[in-house]
Every structure is written in C-alpha cells, then in structure tokens.
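**Q** Below is the structure I would like to discuss, written out as structure tokens.
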Amino acid sequence: MNAAILGALAEPHRLHIVELLVREPLTVGEIAARLDLRQPQASKHVRVLVDAGVVEVEAVANRRICHLRAEPFRELDGWLAAYRQLWEARFDRLDEYLDQTSAPRPSPEGEQP
C-alpha cells in the first residue's frame, strides 16, 4: 500500500476535493469556488493529490481539468480487503454467539413455567 495515498487523503480539503471529483472532473478554479478556497490553496492541494497519483490534470487550452485516477483506489481497496475479511469473520462469529445465547434454554425437569 502506498502511504502517500493515505497521507494525501488524510487532509480534509484534499479528501473533499476527491469527493468532488468522484462526481465529475473539475478545474482548479471550480474546486476552489466549491470549497471556498483561494485558487493558490486549491492548486497546492491538487498538486499533493497529483504527486500521490490520485489525481491527474489535463491541460485543455488555458484550463487545467482535474480527474480522479482509478488505480490508487483499486490499490486501496485491495489493501482494505484483508481487513474487511477479518472483520466479516469476526462479525460472523459474533452472530453465531448471539444465536447461541438467545436460543431458548430447556427448563430443568419437573419445573413448570
């Protein structure tokens, strides 16, 4: 797992940028406007995301359009898969335990309910 990806996504503004780009590609100016940031701030955050390989920037005339890259998220999903399996197994055991403890217990012989 590339720690740069997690480091880039750990900052709230960069995570919000990723959440915006999930919906549609945006220019740096559009990102700045939607997050109420100054353009230089938005550009710095986009640069960190580009350096981490999460975002790519396409030059179209005088505009820079930001797109998410799928590969880092596939890598992140693969890394999380082992943890997902671990927790699913634990939840399955918890379900079994709860089923066992909530099953009606036979009453001792001779006792009436």
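Readers should treat all values here as calculations from the given coordinates under stated rules, not as data from a laboratory. All of these numbers come straight from a predicted model, not from anything done at the bench. Here Cβ is always computed from backbone atoms with ideal geometry, including for glycine, and neighbour counts include all displayed protein chains.
**Q** Measuring from label point to label point, each 7 Å out along Cα→Cβ, what is the Leu35 to Glu11 span in nm?
**A** About 0.8 nm, to one decimal.
**Q** Can you list, largest first and rounded to whole Å, the semi-axes you get for the chain by taking the square root of 5 times each eigenvalue of its Cα gyration tensor? Present the calculation step by step, with values, prior to reporting the outcome.
**A** Details: eigenvalues 522, 47, 23 Å².
One finds semi-axes of 51, 15, 11 Å for the chain.
**Q** Report the residue, chosen from Asp92, Asp36, Asp77, that carries the largest GNM mean-square fluctuation when the chain is represented by alpha-carbon nodes joined by springs under 10 Å.
**A** Comparing Asp92, Asp36, Asp77 in a Gaussian network model of the chain, the most mobile one is Asp92.
**Q** Only Cα pairs within less than 10 Å get springs; with that Gaussian network setup on the chain, which residue of Gln41, Gln100, Gln85 has the largest fluctuation?
**A** Among Gln41, Gln100, Gln85, the largest GNM mean-square fluctuation belongs to Gln100.
**Q** Connecting C-alpha atoms closer than 10 Å in a GNM of the chain, tell me which of Leu37, Leu98, Leu80 has the biggest fluctuation.
**A** Leu98
**Q** Would you please name the trypsin sites (Lys or Arg not before Pro) within the stretch 1-87 that are DSSP coil residues with at most 14 other C-beta atoms within 10 Å of their C-beta? Before the final figure, lay out the partial values.
**A** On the way: sites: Arg14, Arg23, Arg34, Arg38, Lys44, Arg47, Arg63, Arg64, Arg69, Arg74, Arg84; in loops: Arg38, Arg69.
Those satisfying the criteria are Arg38.
**Q** Same structure, new question: Between Glu96 and His67, what is the FRET efficiency for a Förster distance of 41 Å, r being their Cβ-Cβ separation, to the nearest 0.05?
**A** On the way: r = 45 Å, r/R0 = 1.10.
Given R0 = 41 Å and the Cβ-Cβ separation, E is 0.35.
**Q** Antiparallel DSSP bridges in the chain: what percent, to the nearest 5? Spell out each step's value before the answer.
**A** Details: 8 of 8 bridges.
The antiparallel fraction comes to roughly 100 percent.
**Q** Oh, and also: Where Rh is the Kirkwood radius over the Cα pairs of the stretch 3-69, the temperature 10 °C and the viscosity 1.306 mPa s, what D in µm²/s does Stokes-Einstein return?
**A** D = 138 µm²/s.
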